[in-house]
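Asks: To start, I am sharing the structure in question, which I have written as C-alpha cells.
All of the numbers you see were taken from the coordinates with simple rules; none came from a lab. Quick caveat: nothing in here was measured; it's all calculated off a predicted structure. Cβ sites come from the backbone with ideal geometry, for glycine too, and all protein chains shown count toward neighbours.
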Amino acid sequence: MTATPRIAFLASQADAAQRALSELTALHGQCEPEHADVLVPLGGDGFMLQTLHRHGQLGKPVYGMKLGTVGFLMNQHRLQDLLSRIARAEPAVLRPLEMTAETESGTSITSLAYNEVSLLRQTRQAAHLRIDLNGITRLEELVADGVILSTAAGSTAYNFSAHGPILPLGAGVVALTPIAPFRPRRWRGAILRADTQVRFRVLDPYKRPVSVTGDSHEVRDVVEVTIRESRERTVTLLFDPEHNLEERILSEQFVA
C-alpha cells in the first residue's frame with residue numbers, strides 16, 4: 001500500500017452511511033475500486049458481505065466502518081484520523097466457503113459464502129438430509145429445520161444463534177451445526193477441518209423441499225449441495241488494533 005492510499009469509499013443506502021460518504025470523499029477524494037489501494041465500505045455487516053461478494057476478486061484490503069445495525073466485521077465510524085487508522089490496522093485473512101447447489105430442474109449454481117452456508121426447510125415439514133464428509137456418509141438421516149456450515153468469521157452470527165460453537169480465527173476449522181434437530185435428537189453438530197468436502201443430500205426433495213443460502217444468495221428446491229473451503233479466493237479485512245477481529249471473537253465467548 002502506498003504512503004497515501006487511494007481509497008474507494010462504498011456506502012449502503014442508509015442515511016448515516018450516505019452522509020459519511022459525502023464527508024469522507026470531500027476529505028480524501030474518491031477512487032474506483034479497481035484502481036484503489038484499499039476499500040472502505042460504510043454500513044453494517046450485511047453491506048460488508050455485499051462488498052466482499054462484489055469486489056472480493058480484486059484482492060484489495062477492506063477497512064469497514066460501522067454505519068448500520070450490526071457491525072461485527074466493521075470498525076467504529078470516526079471522521080478523523082482515517083489514514084493513520086488504516087496504516088496501523090491489523091489484517092485478518094479470510095477464506096470463504098465455495099458452495100455448489102444442484103436443483104430439481106438440473107441446474108448447477110456456484111456461490112461463495114464468507115459467513116455461512118445454511119440449508120433450510122421450505123415448508124412446514126422438516127428437512128430430511130444425508131451428510132457426507134469427503135465422500136463418506138457420516139449421518140444417514142438428519143431430520144431438522146435445517147443445517148449450517150459456518151466459517152470462523154461467521155461463527156458468531158447465525159451459527160451461534162443455533163447454539164453452534166464460536167471458532168477462533170486461524171484454527172483451520174468450520175462448524176457444522178443443526179437447526180432445531182429432531183433426529184438424531186442428541187446430535188449437536190461437529191467441528192471439521194476447513195478443507196473437508198461436505199455434501200448434503202436432500203432425501204425427499206418433492207415432499208420436503210429445501211433451500212440453500214450462501215450468505216445472502218438463496219437457491220430454492222435443491223437436491224444436493226457440496227461445500228468446501230475455497231482454494232483460490234481470500235480477502236483481507238483490516239481492523240483497529242485495539243478491537244481486532246480475533247479479539248472480538250474471543251470476547252463473544254465471555255459475554256454474560
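Asks: May I ask you to derive the FRET efficiency for Ser105 and Glu247 from their Cβ-Cβ distance with R0 = 41 Å, giving the value to the nearest 0.05? Don't jump to the answer; show the numbers that get you there.
Replies: Working: r = 46 Å, r/R0 = 1.11.
The pair Ser105/Glu247 has a calculated efficiency of 0.35.
Asks: In whole Å, what is the distance between the alpha-carbon centres of the range 1-26 and the range 185-246?
Replies: 31 Å
Asks: Here is a further query. How long are the semi-axes of the equivalent ellipsoid of the range 97-229, taking √(5λ) for every eigenvalue λ of the Cα gyration tensor, in whole Å from largest down? Please report the intermediate quantities before stating the final value.
Replies: Numbers: eigenvalues 86, 54, 36 Å².
Each semi-axis is the square root of five times an eigenvalue, giving 21, 16, 13 Å.
Asks: Which FRET efficiency, nearest 0.05, do Asp15 and Glu218 yield, Cβ-Cβ r, R0 35 Å?
Replies: 0.80
Asks: Using the Kirkwood radius over C-alpha pairs as Rh, can you work out the diffusion coefficient of the range 173-231 via Stokes-Einstein at 4 °C, viscosity 1.567 mPa s, in µm² per second? Display every interim value, and only then the final one.
Replies: Values: Rh = 13.1 Å.
Diffusion coefficient, whole number: 99 µm²/s.
Asks: Same structure, new question: Quick one: Cα centre-to-centre distance for the range 60-113 and the range 128-165, in angstrom?
Replies: 22 Å
Asks: Taking Cα pairs under 8 Å and at least six residues apart, what relative contact order does the range 97-229 come out at, in percent? Provide the component values of the computation, followed by the final result.
Replies: Numbers: 350 pairs, mean separation 43.6, N = 133.
Rounded, it is 33 percent for the range 97-229.
Asks: Let me ask something else. I need the fraction of alpha carbon pairs in the chain separated by more than 34 Å, rounded to a whole percent. The partial results should precede the final answer.
Replies: Values: 7413 of 32640 pairs.
Value for the chain (Cα pairs over 34 Å): 23 percent.
Asks: Please find, in a Gaussian network model of the chain (springs between Cα atoms separated by less than 10 Å), the residue of Asp45, Asp221, Asp81 whose mean-square fluctuation is greatest.
Replies: Largest GNM mean-square fluctuation: Asp81.
Asks: Under the 0.36 nm per residue contour assumption, what length would be gained going from the current alpha-carbon distance of Ser84 and Gln125 to full extension? Mind dumping the intermediate values first?
Replies: Details: separation 41, 0.36 × 41 = 14.76 nm, distance 5.37 nm.
Between Ser84 and Gln125, full extension yields 9.4 nm more.
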